[in-house]
Amino acid sequence: MSDWLDLAALWRVLVASLVAGAGLAAAFSLALVGFSSGRVIGRVGAGLCLVVVAAGVVLGLYVMLRK
């Protein structure tokens, strides 16, 4: 353990940012693919992916603006 850095907290932040960043980008790209498929199941899946992306954005804003 370092006296200057809390490596456990740094690791948690790194993992959370990678999961959120890559996960939301992947969900948004799946939404675009679902909408472009033209099938009903694709559009439903795309809508669910967009709900996940919107929830991630709202959660991020809530965490940043909470005081």
Members of region 37-67 found to be among the small types (Gly, Ala, Ser) and either modelled with pLDDT of 95 or more or surrounded by 12 or more Cβ atoms within 10 Å (Cβ to Cβ) (or both), listed by number: Ser37, Gly42, Gly45, Ala46, Gly47, Ala54, Ala55, Gly56, Gly60
Only one of Ala20, Ala31, Ala46, Ala27 that is in contact (Cβ under 8 Å) with a residue 40 or more places away in the chain and in contact with a Gly (Cβ under 9 Å, 6 or more places away or on another chain): Ala20
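The values are calculated or read from the model by the stated rules, or taken from the named source; none is laboratory data. Bear in mind that the values here come from a model prediction, so they are computed numbers and not experimental data. Heads up, the Cβs are rebuilt from the backbone with ideal geometry, glycines too, and the neighbour counts pull from every protein chain shown.
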